[in-house]
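The values are calculated or read from the model by the stated rules, or taken from the named source; none is laboratory data. Quick caveat: nothing in here was measured; it's all calculated off a predicted structure. Here the Cβ positions follow ideal geometry from the backbone for every residue, glycine too, while neighbour counts run over all protein chains shown.
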């Protein structure tokens, strides 16, 4: 299976049709069977279907990360306060350390 994009021009307009097709041979000739018309779908969805049929793998947004541990803001502020100037210095401005902090 694959996605075929057909572009037709009528006057000054160009029309695109996106079809899911299956290619096969019958009596030595290559034939195509249209399985679905994807034209009404958003372009992002069509691209995902194209990639999926080409073998790309996708994860849901929640599946790609796992929270192992989280600290409250107070802990982070206390550590930054304890470490001193490199952590409390602004990121942009005069660099006071060799690391650019």
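Determine the pairs where a residue that is within 20 Å of residue 8 (Cβ to Cβ), located within the stretch 30-58, has a partner that is modelled with pLDDT of 90 or more and in a loop (DSSP other than H, G, I, E, B) with Cβ atoms under 6 Å apart, the partner being 6 or more residues away or on another chain.
Hits for this filter: 46/38.
Conditions tested, residue by residue: (1) in contact with a helix residue (DSSP H, G or I) (Cβ under 9 Å, 6 or more places away or on another chain); (2) closer than 29 Å to residue 5 by Cβ; (3) exposed (fewer than 10 other Cβ atoms within 10 Å of the Cβ); (4) modelled with pLDDT under 75.
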residue: 26; (1), (2), (3), (4): no, yes, yes, no
residue: 68; (1), (2), (3), (4): no, no, yes, no
residue: 85; (1), (2), (3), (4): no, no, yes, yes
residue: 89; (1), (2), (3), (4): no, no, no, yes
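Could you figure out which of (1) exposed (fewer than 10 other Cβ atoms within 10 Å of the Cβ); (2) modelled with pLDDT of 90 or more; (3) more than 24 Å from the chain's Cα centre (by Cα) isn't true of residue 97?
(2)
Just a yes or no: is a residue in the stretch 3-19 surrounded by 10 or more Cβ atoms within 10 Å (Cβ to Cβ), assigned to a strand (DSSP E or B), in contact (Cβ under 8 Å) with a residue 40 or more places away in the chain and under 20 Å from the mean Cα position of the chain (by Cα)?
yes
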